[in-house]
Amino acid sequence: MHEAYWKLQQKPFENTPDPRFIYYSQRHQEAFSRMLYAVKEQKGAAILTGEYGSGKTLLSRVLLKELSSEQYQTAIIFNPMLAPLRLIKEIIYQLGGDIASLSYKSDLLHYFNDMLYKNKNEKKNTGV
């Protein structure tokens, strides 16, 4: 409907943020630069906070698009309220691990540790 009337090539209003349509306000540019710095300089952790609808998800997707899949392996946790065991499983799953046969926390942590060492040996950074 909107596309035909306004002669648009794509739908203008989607439910998920699209990195192609980012507008870098001064705050967005600073947040993106800080996140990119934290990742590329291997600072260990960074937290992006903000009001609902302020662009956190969009910035994280722009960051993921910026990072080379040959150099980085990433996992995105959409629900930070997961129970600890479920969180570990979700991270391993998103990093491509097979958790079907693992049910104990210690086994999951050993498997995750092995995944991290494998990435390190392949000169690949891992980010969650």
Considering segment 77-96, residues that are free of Cβ contacts under 8 Å to residues at least 40 places away in the same chain and among the β-branched types (Val, Ile, Thr), and then whichever is nearest to residue 30 (Cα to Cα), we arrive at 91
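Specify the residue that is farthest from residue 98 (Cα to Cα); the eligible residues are those in segment 67-86 that are surrounded by 14 or more Cβ atoms within 10 Å (Cβ to Cβ) and at pLDDT below 90. Break it down stepwise before answering.
The first filter runs over segment 67-86 and keeps only residues surrounded by 14 or more Cβ atoms within 10 Å (Cβ to Cβ), leaving 67, 72-75, 82.
Applying the additional criterion that residues be at pLDDT below 90 yields 67, 72-75.
Numbers: 67: 24, 72: 19, 73: 16, 74: 16, 75: 14 Å.
Across segment 67-86, the extreme among qualifying residues is 67.
In this structure, is residue 127 surrounded by 14 or more Cβ atoms within 10 Å (Cβ to Cβ), under 29 Å from residue 14 (Cβ atoms), out of contact with any Leu (no Cβ under 7 Å at 6 or more places or on another chain) and touching a residue at least 60 places away in the same chain (Cβ under 8 Å)? Walk me through how you get there before you give the answer.
Numbers: surrounded by 14 or more Cβ atoms within 10 Å (Cβ to Cβ): yes; under 29 Å from residue 14 (Cβ atoms): yes; out of contact with any Leu (no Cβ under 7 Å at 6 or more places or on another chain): yes; touching a residue at least 60 places away in the same chain (Cβ under 8 Å): yes.
In short, yes.
Quick check on residue 58: is it of a type in the set (A, V, I, L, M), out of contact with any Phe, Trp or Tyr (no Cβ under 8 Å at 6 or more places or on another chain), crowded, with 16+ Cβ neighbours inside 10 Å and touching a residue at least 40 places away in the same chain (Cβ under 8 Å)?
Working: of a type in the set (A, V, I, L, M): yes; out of contact with any Phe, Trp or Tyr (no Cβ under 8 Å at 6 or more places or on another chain): yes; crowded, with 16+ Cβ neighbours inside 10 Å: yes; touching a residue at least 40 places away in the same chain (Cβ under 8 Å): yes.
Considered against the rule, which asks whether it is of a type in the set (A, V, I, L, M), out of contact with any Phe, Trp or Tyr (no Cβ under 8 Å at 6 or more places or on another chain), crowded, with 16+ Cβ neighbours inside 10 Å and touching a residue at least 40 places away in the same chain (Cβ under 8 Å), residue 58 comes out as yes.
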Which residue pairs have Cβ atoms closer than 7 Å, lie 6 or more positions apart in sequence or on different chains, and pair a first residue in segment 29-54 that is touching a residue at least 24 places away in the same chain (Cβ under 8 Å) with a second residue that is among the hydrophobic types (A, V, I, L, M, F, W, C) and outside any helix (DSSP H, G or I)? 31/48; 35/46; 35/48; 39/67
Quick check on my filter: what residues within segment 92-113 are loosely packed, with under 11 Cβ neighbours inside 10 Å and in a helix (DSSP H, G or I)? 106, 113
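Looking only at segment 1-50, how many residues end up being of a type in the set (A, V, I, L, M, F, W, C), exposed (fewer than 10 other Cβ atoms within 10 Å of the Cβ) and under 22 Å from the mean Cα position of the chain (by Cα)? Even if it seems obvious, please write down each step before you answer.
Just the residues of segment 1-50 that are of a type in the set (A, V, I, L, M, F, W, C), to begin with: 1, 4, 6, 8, 13, 21-22, 31-32, 35-36, 38-39, 45-48.
With the extra rule that they be exposed (fewer than 10 other Cβ atoms within 10 Å of the Cβ), the set shrinks to 1, 4, 6, 13, 45, 47.
Among the residues that remain, those that are also under 22 Å from the mean Cα position of the chain (by Cα) are: 45, 47.
Counting residues in segment 1-50 that are of a type in the set (A, V, I, L, M, F, W, C), exposed (fewer than 10 other Cβ atoms within 10 Å of the Cβ) and under 22 Å from the mean Cα position of the chain (by Cα) gives 2.
The values are calculated or read from the model by the stated rules, or taken from the named source; none is laboratory data. All values reported here derive from a predicted model rather than from experimental measurement. Ideal geometry is used to build each Cβ from the backbone, glycine not excepted, and the neighbour counts take in all protein chains shown.
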